[in-house]
Amino acid sequence: MAELLQYLLSGVTVGAVYALVALGFTLIYNASDVVNFAQGEFVMLGGMISFFAWQAGIPLPLAAILAIIATASVGVLLNKLAIEPARGAPVASLIIITIGASIFLRGGAQLVFDKQLHRFPSFSGDDPIRILGATILPQSLWVIAGAVAIFLSLWLFFAHTLTGKAVLATANNRIAASLVGINPNHMMTLSFAVSAAIGALAGVLVTPITLTSYDLGVAIALKGFAAAMLGGMGIPAGALAGGLLLGLIEAFTAGYVSSVYKDAVAFVVILAVLFAMPQGLFGRKAMDRV
Amino acid sequence: MTLLQVEGLGIDFGGLRAVNDVGFAVAPGEIVSVIGPNGAGKTTLFNMISGVYLPGRGKITLDGRDVTGMAPNRLAERGLSRTFQNLQIFQRMSVLENAMTGCHLKERGAILSDLLCLPSSRRRSAVTKARASELLERVGLARAAEHEASSLSYGALKRLEIARALALEPRILLLDEPAAGCNAVETEEIDHLIAEVAKSGVAVLLVEHDMKLVMRISNHIVVLDRGEKIAEGSPATVSRDPRVIEAYLGTQGAEAGHALG
Amino acid sequence: MRLSRKHLTLLVLALLIALAPALFPSNFYYRIGALIFVNGLAVTGLVVLIGFAGQISLGHAGFAGIGAYACALAPGYLGLHPGLAMLLGAVLSGGVAWLIGRPILRLKGYYLAVATLGFGILVSMVLANEAKITGGPDGREVAELGLRGALATIGIGLSNAQFWYAATGLAMLLGAWVALNLHDSPTGRALRALHDSEVAARTVGVDVARLKLSAFVISAVYASLSGSLLALMNRFITPDVAGFLHSVELVTMTVFGGVGSVPGAILGAATLTLLPQALTVLQQYENLILGLIMMLVMIFMRDGLLPSLMRRLKGRG
């Protein structure tokens, strides 16, 4: 029982991170139809910038905010300098642009920062909290709380604000949205900024647990992408479900089966889900209109 | 003698009855037109008959065989061919290649021989090329054969789709608004082409908004309104039918009445 | 007689392969050339899958892994000659592609991407974790092909680098010939048709599922042969050959050079094989510049290097 709870807790923690990264994918995909493979670099930048700001003497909360703002600016620049100029390019070309961006940001981080692993202290100490025989790190609670806060505020944003509805409208039909006075480019910029900020926040929250380094982006983007597809690309609730599910599968596989094959089992489950539901768990079936 | 028989056909989209209980028959060499106001369900009907949509109700028989819900490629093997209202052209291929794909069923062969460019593969391609060129000649696109398809005008693309559909040597041809976007001369050409095709014994099922064209060439007309069949018969009968006039007047006003008259 | 485009392309490729060594300052360049050809072979297969049939794969390195480890393992475990092991790998890859392709290819776009990605990860994890058989993450030695020795006995003496330059160059040329054949064949037309409009392809009688599967199997065999050649050439192989990064690298090369074009994709393979080599001089700036070049080329030459260059040339002429 304690064992089960332990795996559940670690699964939810990891899953919360995946869900945040998947959400980043989903927001940008909705605004621009682009799957942004540089999403993992936003997470990396969040952790790295916080660490170096903190090391330079800035208090950690301030350093974290700085990192989130800086990463959001990188997201906006990425959109303005690379994605917007390429509007109308084939999807494959857009993917390569974001892969290029990912390599570029990795190279930049390696240059500006370094190639070491870094960690800053947990927000509320490192004494594990005991729950029914299982333990959880206070930092894990921060991660979970962060994910919950983000999902709640996004839900409020989309459901109750005009700007949120404008973003949804643009995702639905770019031309129709611009006809009713929405500027799709602004919506894209906004989506990149928010998406990068969410990635950075995830990076800030997990660094005390998993550490950060310039090259952690690829692995995290891979998982976030898989989680987003598992839930159904473009659907925020799908990102949440896909991320948590992926985290739980990994934790339980690592606990009960084999830790080396946890990724493999995760992908087998994803394949199985997609065979049964080709649009992901929450995706709607598309119909050919001819 | 009936080639295509449709009985009680219907489909719902999210609770909305898009098409309901539609039935009619088409014989070889006959031109049957489906008309009706916008949104009457004509294209949806075509999509069900050609296997693009799976019908919710009813039955389609081709040559006495039940083909309801059969995949489009299987229907093509049985001699059913179609064009699309919103063009479905292979944009990145040349005009000639577009027409050549219409011959797919005749030209397909062992993939290995295609990979190695064996004489059999070259022979198949050569036969197809000759056949496709003939068809392009017939629809007036021979001079554009080597152009990329995306460079053609709308009217020309419509004709290219007809050429591609004819390349299947169909027994029944479904044409979804072949004259839409064509000028008077082009419409006239398409008119002749359809008549010619029907004369060669092919059954033609036509959706068209150009009422003059429809009244001139159809043997039989089926009228749809809001997904249901409201009338059918010869052009003369249908154009006098009060329900038909109402359906058109109700939506499109005097202009339609004039067209029918 | 006027040369057809296919023959012109092959002639130019053959001349480039044959004449490039005249400019090589050292033996090392034969090796770079061979790496280009090995990648060129794999991306030619991806042109068939992505460029012709319009189906994405982020897991083709998995097939390269199968091909590579067939050459690494079959000689020891089954007593097969390395050359036959290469064929075995190709048959195995084709078979695996045929089995998993049926369910996977029902998926579209990014869903297909993530499913193929999952397949690639599975292969690379098995290779990395079944250390008793595969040697694990540290890799494993590969037997000598032996063909160079045989050539030497009939009087054709080549250095190791020269031999592999010629062998891989020939393989790539052969691969390009097959893909170009396919392009203008009935099957190739059907593949390109379903890329542009699946529904129209169906209505002309194309069995879309079957043809997508064929393209998937063909491209898997290309990737497998490329992996085998890499293993035999290096005489050593690690699970990285099947890794996600290698899959992404192959797709990047294909799209970068021009996804619908065989010579374009090969140009992409050449550029992105050479570029990191050239950029190593810049040491820590390598990633920065590589990423920047990728972005700039795709922004300003959105159809890929070769198609965009050709269009510009034609525009002037």
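The values are calculated or read from the model by the stated rules, or taken from the named source; none is laboratory data. Since we're looking at a predicted model, the values are computed, not measured. Cβ atoms come from the backbone with ideal geometry, glycine included; neighbour counts cover every protein chain shown.
Residues being within 13 Å of A:Phe37 (Cβ to Cβ) and buried (at least 16 other Cβ atoms within 10 Å of the Cβ): count how many of those fall in segment A:59-92.
Adding up the residues that qualify gives 4.
In the set A:Ala147, A:Ala101, A:Ala166, which member is small (Gly, Ala, Ser), within 14 Å of another protein chain (Cβ to nearest Cβ) and surrounded by 15 or more Cβ atoms within 10 Å (Cβ to Cβ)?
A:Ala101
Have a look at A:Ser140, A:Ser122, A:Ser102 and point out the one that is in contact (Cβ under 8 Å) with a residue 24 or more places away in the chain, out of contact with any Cys (no Cβ under 7 Å at 6 or more places or on another chain), in a loop (DSSP other than H, G, I, E, B) and not aliphatic (A, V, I, L, M).
On the way: A:Ser140 fails: in a loop (DSSP other than H, G, I, E, B); A:Ser102 fails: in a loop (DSSP other than H, G, I, E, B).
That would be A:Ser122, the only listed residue that is in contact (Cβ under 8 Å) with a residue 24 or more places away in the chain, out of contact with any Cys (no Cβ under 7 Å at 6 or more places or on another chain), in a loop (DSSP other than H, G, I, E, B) and not aliphatic (A, V, I, L, M).
Scan segment C:56-86 for residues that are free of Cβ contacts under 8 Å to residues at least 60 places away in the same chain, in a helix (DSSP H, G or I) and touching a helix residue (DSSP H, G or I) at 6+ places or on another chain (Cβ under 7 Å) and jot them down.
C:Ala74
Here is a list of conditions, (1) facing chain B (nearest Cβ under 9 Å); (2) farther than 21 Å from C:Gly109 by Cβ; (3) of a type in the set (Asp, Glu), and C:Asp196 meets all of them except one; can you say which number that is?
Single failed check for C:Asp196: (2).
Consider A:Leu77 against the criteria (1) more than 9 Å from chain C (Cβ to nearest Cβ); (2) touching a residue at least 40 places away in the same chain (Cβ under 8 Å): it satisfies all of them except one. Which criterion is unmet?
Every listed condition holds for A:Leu77 apart from (2).
Restricting to segment C:99-113, what's the tally of residues that are surrounded by fewer than 18 Cβ atoms within 10 Å (Cβ to Cβ) and free of Cβ contacts under 8 Å to residues at least 60 places away in the same chain? Walk me through how you get there before you give the answer.
First, pick out the residues of segment C:99-113 that are surrounded by fewer than 18 Cβ atoms within 10 Å (Cβ to Cβ): C:99, C:102-103, C:106, C:108-109.
In the following step, the residues that additionally are free of Cβ contacts under 8 Å to residues at least 60 places away in the same chain were identified as C:99, C:103, C:108-109.
Counting residues in segment C:99-113 that are surrounded by fewer than 18 Cβ atoms within 10 Å (Cβ to Cβ) and free of Cβ contacts under 8 Å to residues at least 60 places away in the same chain gives 4.
Hey, can you tell me all the residues within segment B:59-80 that are of a type in the set (Gly, Ala, Ser), touching a Gly at 6+ places or on another chain (Cβ under 8 Å) and modelled with pLDDT of 95 or more?
Those that are of a type in the set (Gly, Ala, Ser), touching a Gly at 6+ places or on another chain (Cβ under 8 Å) and modelled with pLDDT of 95 or more: B:Ala71, B:Ala76.
I'd like to verify a number: residues in segment A:247-286 that are exposed (fewer than 15 other Cβ atoms within 10 Å of the Cβ), more than 12 Å from chain C (Cβ to nearest Cβ) and of a type in the set (Phe, Trp, Tyr), how many?
Total meeting the criteria: 1.
Give the residue, chosen from C:Leu292, C:Leu275, C:Leu313, that is more than 13 Å from every other protein chain (Cβ to nearest Cβ) and on the phi < 0 side of the Ramachandran plot.
C:Leu313
C:Val96 - would you say it is surrounded by fewer than 20 Cβ atoms within 10 Å (Cβ to Cβ) and of a type outside the set (Asp, Glu)? Write out each step before concluding.
On the way: surrounded by fewer than 20 Cβ atoms within 10 Å (Cβ to Cβ): yes; of a type outside the set (Asp, Glu): yes.
Considered against the rule, which asks whether it is surrounded by fewer than 20 Cβ atoms within 10 Å (Cβ to Cβ) and of a type outside the set (Asp, Glu), C:Val96 comes out as yes.
Give A:Leu240, A:Leu211 a once-over and let me know the one that is closer than 30 Å to A:Leu60 by Cα, more than 10 Å from chain C (Cβ to nearest Cβ) and surrounded by fewer than 21 Cβ atoms within 10 Å (Cβ to Cβ).
Numbers: A:Leu240 fails: surrounded by fewer than 21 Cβ atoms within 10 Å (Cβ to Cβ).
Checking each option against the conditions leaves just A:Leu211.
Are any residues in segment A:1-29 surrounded by fewer than 24 Cβ atoms within 10 Å (Cβ to Cβ) and closer than 14 Å to A:Phe225 by Cα, and if so, which ones?
Selection gives A:Tyr29 alone.
If only one of C:Thr116, C:Thr9, C:Thr44 is buried (at least 21 other Cβ atoms within 10 Å of the Cβ) and away from chain A (no Cβ under 12 Å), which one is it?
C:Thr44
Go through segment B:128-237 and tell me which strands (runs of 3 or more DSSP E), entirely inside it, have 1 or more residues that are in contact (Cβ under 8 Å) with a residue 40 or more places away in the chain and within 14 Å of chain C (Cβ to nearest Cβ).
On the way: elements: B:172-176, B:203-207, B:220-225, B:228-233.
Per the criteria, B:172-176, B:203-207.
Say whether the condition of being closer than 30 Å to B:His147 by Cα, within 14 Å of another protein chain (Cβ to nearest Cβ) and buried (at least 19 other Cβ atoms within 10 Å of the Cβ) is met by at least one residue in segment B:13-24.
Within segment B:13-24, none of the residues are closer than 30 Å to B:His147 by Cα, within 14 Å of another protein chain (Cβ to nearest Cβ) and buried (at least 19 other Cβ atoms within 10 Å of the Cβ).
Looking only at segment C:192-202, decide whether some residue is touching a Ser or Thr at 6+ places or on another chain (Cβ under 8 Å), within 30 Å of C:Phe28 (Cβ to Cβ) and crowded, with 20+ Cβ neighbours inside 10 Å. First the steps, then the outcome.
Taking segment C:192-202 and keeping what is touching a Ser or Thr at 6+ places or on another chain (Cβ under 8 Å), we get C:193, C:201.
Still in the running and within 30 Å of C:Phe28 (Cβ to Cβ): none.
No, there is no match, as no residue in segment C:192-202 is touching a Ser or Thr at 6+ places or on another chain (Cβ under 8 Å), within 30 Å of C:Phe28 (Cβ to Cβ) and crowded, with 20+ Cβ neighbours inside 10 Å.
Out of the residues in segment C:292-317 meeting the condition of being in a loop (DSSP other than H, G, I, E, B) and modelled with pLDDT under 90, tell me which one is farthest from the chain's Cα centre (by Cα).
C:Gly317
For segment B:47-94, name all the residues that are within 11 Å of another protein chain (Cβ to nearest Cβ), within 21 Å of B:Ala18 (Cα to Cα), touching an Asp or Glu at 6+ places or on another chain (Cβ under 6 Å) and surrounded by fewer than 22 Cβ atoms within 10 Å (Cβ to Cβ).
Across segment B:47-94, the qualifying residue is only B:Gln85.
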